[in-house]
Every structure is written in structure tokens, then in C-alpha cells.
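Written below as C-alpha cells is the structure these notes are about.
The values are calculated or read from the model by the stated rules, or taken from the named source; none is laboratory data. Treat the numbers as computed from the prediction; the structure is a model and nothing was measured. All Cβ positions, glycine included, derive from the backbone under ideal geometry; neighbour counts span all protein chains shown. We work out accessible area using only protein heavy atoms, side chains counted, and drop any ligands, DNA or RNA first. Shrake-Rupley method; radii C 1.70, N 1.55, O 1.52, S 1.80 Å.
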Amino acid sequence: MAFFKKVRNARRRFCTAIVAAAGSSTRMGAGANKLLEPLGGNPVLAWTLQALDQSTAVDSIVIASREEDILTFSELCRTYEIRKPVKVVRGGANRTESVLLAALEADSRTELLAVQDGARPLVTPELIDRVIMKADRYNAAVPVIPVKDTVKVVQDDHITSTPDRNTLRAVQTPQVFEATLLKAALQAALDADAPQTDDAAAVERLGKVVYFVEGEESNIKITTPIDRIVAEAILAERGF
């Protein structure tokens, strides 16, 4: 069995993980950089990087950062002994531009790009591997989980419709794509002045099919202070 696993991994395309870490953290309040806030004794970003480092399907990492955080993030990688090759680059004015700039700095061998939110510190190496292997087969894959709440479409001050909850999924990261496809999709979105908050949406704009795998409910994004409280509880449940 181990022999066949090695053969399968050898055939897998080279994957660079892009960490989207250039956001302003405005919804955390108090001017704090949420990626450097403590979580279970470590900075949020450290947990994210350690998961990518432990993934068997990630070969290298590029972090898209605000210019003022480049040295801090570089030092964080050394402090937490990230073993895989890591490059920290300046991000752009929005997520789409930041991911594209990071993609252009990826290792020349890169055939797959896995875009991971820096603020999803509870992602597991197993989920990362599952999404990458799906994209290795289909060129575009994302993790999703069912939507629990009823969702309303609103306009101005009123509700216009109620989509069928059974057809809805909440998307997570990493989102993994064939490298040339993702770069073309991001560039097209920027050229059309239509930056996306979700990388899969940029690929969908090109009419490409994006496949999904089942995500993990614990793979939450740290956006507001309440998210940190929930994340601490999840880490405690995991024994950290």
C-alpha cells in the first residue's frame, strides 16, 4: 500500500499554496492585524502555515502580505520552523490582485495553485490534501459545507427571494486550480474591473466547471472577535 501511495504522489502535479494574508482586518476592530493575534498560544497565521507545512500535497508556499508585514511574516516562518520553501511577497489593492501577484511569484514548476485564507487557522492537512487531489484530477476544486440557515436575497430595505437552502453551500479554502487557469481568471477579473472575494468565482466567470469536496465545519474563518472565541474552543477540543 505504501508503495502505491508513493507512486501516486510522484504523479501528482507540483502544488504551490498561496496564503491570502494582505487584508486590513477592519472587522476585528481596534486596528489589530488578526493574523498576528494569539490563538491557542500561537499567532493565527502560524496555525495556517503549520497545516500547509504538514500537508503531503503542498510543495511550496507564497504568502501575499501587506508591505508593512513582510518582515514580520518572514520571521514568523522562521520562528515556527516552516520546513517547506516560503516566499513572502507584497499583496495588492484587493484579494484578486493579491492572489495574482503571489501566483506570479510561485515556483516555476508549479502546475497547481492552492489558495488558502491566512485567517483559516483550523484547516487540517487532510482537507488540504483532499482538495488538491481533486483539483489534480479535475483542474478546479473547492471545499464546501451545507448552509444551515435560511438565506434571503435582499434589495434596499426588503427581501426579494428565498433560495432553496438544499441547493446552497458555504465555500471554504483552500481553493485549488490548475495554475494557468487561475492566473488567467484573476487577470480577466481585474481587466473587467470585477475583483472577486472568492477565487472560484473568477474561474466561474470564464465558464469553467469548479468541482467540490466536503469541507469541515471547524474550518472557520477568523473575521470578527466572536470567531476567535469559537476557534479557541475548537482548539481546546483538539487538545491544544
task: Restricting attention to the stretch 187-208, report how many residues are more than 28 Å from S218 (Cα to Cα) and part of a helix (DSSP H, G or I).
output: 6
- prompt: Which condition does G92 not pass, out of (1) in contact (Cβ under 8 Å) with a residue 24 or more places away in the chain; (2) under 15 Å from the mean Cα position of the chain (by Cα), if it passes all the others?
  reply: (2)
- prompt: If we scan the stretch 88-96, do we find a residue that is in contact with a strand residue (DSSP E or B) (Cβ under 7 Å, 6 or more places away or on another chain), surrounded by 18 or more Cβ atoms within 10 Å (Cβ to Cβ) and of a type in the set (G, A, S)?
  reply: yes
task: Within the stretch 131-154, identify whether any single residue is in a strand (DSSP E or B), more than 14 Å from F177 (Cβ to Cβ) and not β-branched (V, I, T), and answer yes or no.
output: yes
task: Considering each of D149, D156 in turn, give the residue that is of a type outside the set (S, T, Y), surrounded by fewer than 10 Cβ atoms within 10 Å (Cβ to Cβ) and on the phi > 0 side of the Ramachandran plot.
output: D156
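Residues of the stretch 91-116 being charged (D, E, K, R) and more than 17 Å from D59 (Cα to Cα), which ones? Quick ask: steps written out before the conclusion?
Of the residues in the stretch 91-116, the ones charged (D, E, K, R) are 95, 97, 105, 107, 109, 111.
The answer is R95, E97.
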- prompt: Can you tell me which residue in the stretch 195-208 is surrounded by the most Cβ atoms within 10 Å (Cβ to Cβ), limited to those that are at pLDDT 95 or above and out of contact with any strand residue (DSSP E or B) (no Cβ under 7 Å at 6 or more places or on another chain)?
  reply: A202
- prompt: When residues of the stretch 8-42 are filtered for being more than 19 Å from V58 (Cβ to Cβ) and modelled with pLDDT under 80, how many remain?
  reply: 9
query: Which condition breaks for V176 when tested against (1) surrounded by 17 or more Cβ atoms within 10 Å (Cβ to Cβ); (2) assigned to a helix (DSSP H, G or I); (3) of a type outside the set (F, W, Y)?
result: (2)
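Among the listed residues I229, I220, I234, identify the single one that is in contact (Cβ under 8 Å) with a residue 12 or more places away in the chain, open to solvent by 30 Å² or more (accessible area, probe 1.4 Å) and in a helix (DSSP H, G or I). Break it down stepwise before answering.
On the way: I229 fails: in contact (Cβ under 8 Å) with a residue 12 or more places away in the chain; I220 fails: in a helix (DSSP H, G or I).
It is I234.
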- prompt: Does the stretch 111-125 include one or more residues that are farther than 23 Å from G215 by Cβ and either open to solvent by 30 Å² or more (accessible area, probe 1.4 Å) or at pLDDT 95 or above (or both)?
  reply: yes
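I'd like to verify a number: residues in the stretch 155-173 that are in a loop (DSSP other than H, G, I, E, B) and over 11 Å from A200 (Cβ atoms), how many?
6
Residues V176, V142, V99: which one is over 30 Å from A233 (Cα atoms), in contact (Cβ under 8 Å) with a residue 60 or more places away in the chain and touching a strand residue (DSSP E or B) at 6+ places or on another chain (Cβ under 6 Å)?
Of the residues listed, the single one that is over 30 Å from A233 (Cα atoms), in contact (Cβ under 8 Å) with a residue 60 or more places away in the chain and touching a strand residue (DSSP E or B) at 6+ places or on another chain (Cβ under 6 Å) is V99.
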query: Can you tell me which residue in the stretch 53-67 is surrounded by the fewest Cβ atoms within 10 Å (Cβ to Cβ), limited to those that are touching a strand residue (DSSP E or B) at 6+ places or on another chain (Cβ under 7 Å) and not aliphatic (A, V, I, L, M)?
result: E67
- request: Check I70 against each of (1) under 18 Å from the mean Cα position of the chain (by Cα); (2) open to solvent by less than 80 Å² (accessible area, probe 1.4 Å) and name the one condition it does not meet.
  value: (1)
statement: Going through (1) over 28 Å from G207 (Cβ atoms); (2) open to solvent by 60 Å² or more (accessible area, probe 1.4 Å) one by one, I82 fails only at (2)
